[in-house]
Amino acid sequence: TIKKYPKEHMRCGTSFLFIIIFVSLITLPFIPTLGIIGTLVTRVLHIFLVAMISYEVLKLNFKFKGSIFSKVFGIPGIWIQRYTTKKPSDDQIRVAQVSMANAIFFSNEDGKFLFDTILNETTEVNNG
């Protein structure tokens, strides 16, 4: 059932990188040049500013999926994902299922576990 879902999504790291570049290009002209030390300090602080703004834009993209805002910032990331990602193989899907099952298992305190069957059926996957 996992194969029916598209590989592209709004929260992908590729979309985040596009947003970082976009926000950086928008905000960089407003950063002053203040000599060597001043420029170094302002550019380092600019990295944090860009990261914070980009993360918030990514969250807003997902929150308002159908909006124009989401399309402006989200669609270019989806386009990039079409060229930089490929469909996962069956082994990769299996590894993802086992990883998710383990994450849920170790985060659950009362011992009830939804993915017992996945863990019971696991086999070692050889890479390469």
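The values are calculated or read from the model by the stated rules, or taken from the named source; none is laboratory data. If you're wondering where the values come from, they're calculated on a predicted model, not measured in any experiment. Virtual Cβ from ideal backbone geometry, glycine too; neighbours counted across all protein chains shown. Remember, those area values only see protein heavy atoms, side chains included, never the ligands or the DNA or RNA. Shrake-Rupley method; radii C 1.70, N 1.55, O 1.52, S 1.80 Å.
Structure values in brief
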| quantity | calculated |
| --- | --- |
| Total residues in the stretch 1-42, condition among the aliphatic types (A, V, I, L, M), farther than 13 Å from Gly77 by Cβ and open to solvent by 80 Å² or more (accessible area, probe 1.4 Å) | 6 |
| Whichever residue in the stretch 50-59 is hydrophobic (A, V, I, L, M, F, W, C) and open to solvent by less than 70 Å² (accessible area, probe 1.4 Å) and, among such residues, is modelled with the lowest pLDDT | Leu58 |
| Qualifying residue in the stretch 15-35 (condition: among the hydroxyl-bearing types (Ser, Thr, Tyr), part of a helix (DSSP H, G or I) and in contact (Cβ under 8 Å) with a residue 60 or more places away in the chain) | yes |
| Long-range neighbours under 7 Å by Cβ, at least six apart or interchain, first residue under 12 Å from Phe16 (Cα atoms) within the stretch 57-86, second open to solvent by 80 Å² or more (accessible area, probe 1.4 Å) | Leu58/Arg11; Phe62/Arg11 |
| Subset of the stretch 61-89 (residues that are open to solvent by 70 Å² or more (accessible area, probe 1.4 Å) and part of a helix (DSSP H, G or I)) | Phe62, Lys63, Ile68, Phe69, Lys71, Val72, Trp79, Arg82, Tyr83, Thr84 |
